[in-house]
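See structure below.
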Amino acid sequence: MDAGLQKRVSHGALLFAVLAVCLAIGATVLLANDKKHLKSLLAYLNLTPAIQSATPPKMKPVKRQKLATQKVSLPPHLLKFEQVGDRASFARDFVVSGKELCERFTAAGFSNPQGWHASPVNIRNFECMADLAAGNASDPAERASLFLEIRGEASGEIRSIRMKAVAPKTPDGAAVLTKLDEALAMIIGQTRWADLADMLEPARRMQPYQAQHFGISVSMKPEPTAPHRLNVILLANEQSPGLKLTRSFFDRDRWLNPAAPPHRPALYASVKKDRVR
């Protein structure tokens, strides 16, 4: 081999070796510390990638404000557990007052001299008695009449309605049956419960009838010795345990007690002066 050519080859190999070592050292430096120097070099040469992973800002924890404690008073019966036993049942009353019903019968032609008044036996109970006579038969057995008795409380709440029809098979008796039908229809209309209308047909035929209608009982019985005499009784009853529970729960005297004297509103001086005047 020519001496000059061999010298050039040795110089090239040496130069390649130096470049390889320099590249290795440079790569080591650039890639060290999580490519910190490489990123700095690229930023210096404006060669930084356009898309970089944005570091989300740190969120400061928000302290929750404690709500002010408020006391709520509940009636003790709302927190009672359901007890096994009788259940309350649907109940209803006469929705018309005794005084109003008594006045309507008076307007219908019944004789009612005293109106809705306190009972002489018990002043806490009120009553209304009215009668209607048809014709003027000389024979007492053929006299036709219709008697009405309404009993209740001073507030006007009706507890019972009793009627007695004497309707012999005469024109006057037929007129009394018509009046009885009209009176029962009036009561049915005032209670606003159509199922009570089932008693109209037995009343027209002077036949017995018995029924319970959610707190109102109906009893219709002709007298055994005088079938032309019919007794009709309507009662607001509380016989079943379910009805007793319902009426006890809605008892106004139990839940709506009058305010005690310390809790009653005080009268201002101006109001007292007006009362004195």
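The values are calculated or read from the model by the stated rules, or taken from the named source; none is laboratory data. Because the structure is a prediction, the values reported are computed rather than measured. As a convention, Cβ positions derive from the backbone with ideal geometry for all residues, glycine included, and neighbour counts pool all protein chains shown. Each accessible area value is taken on the protein alone, full model and side chains, heavy atoms only, with ligands, DNA and RNA left out. Shrake-Rupley method; radii C 1.70, N 1.55, O 1.52, S 1.80 Å.
Taking Lys and Arg as +1 and Asp and Glu as -1, the other residues whose beta-carbon sits under 10 Å from that of Thr191 total 0. Heavy-atom accessible area with a 1.4 Å probe sorts Phe147, Phe250, Phe90, largest first, into Phe250, Phe90, Phe147. For segment 93-247, the alpha carbon convex hull comes to 125 Å³ per residue, rounded to a whole number.
The residues Glu149, Glu142, sorted by heavy-atom accessible surface at 1.4 Å with ligands and nucleic acids left out, run Glu142, Glu149 from largest to smallest. Calculated FRET efficiency, Lys39 to Lys60, Cβ-Cβ distance, R0 = 51 Å: about 0.95 to the nearest 0.05. Highest average first, the peptides 104-112, 65-73 ordered by how many other beta carbon atoms sit within 10 Å of their residues are 104-112, 65-73. Extension gain for Ser10 to Gln212 (0.36 nm times residue separation, less C-alpha to C-alpha distance): 59.9 nm.
Residues in segment 136-221 average 50 Å² of solvent-accessible surface per residue, probe 1.4 Å, ligands and nucleic acids excluded. Packing, taken as the mean count of other beta carbons within 10 Å per residue, orders the peptides 116-123, 158-165, 180-187 from highest to lowest as 158-165, 180-187, 116-123.
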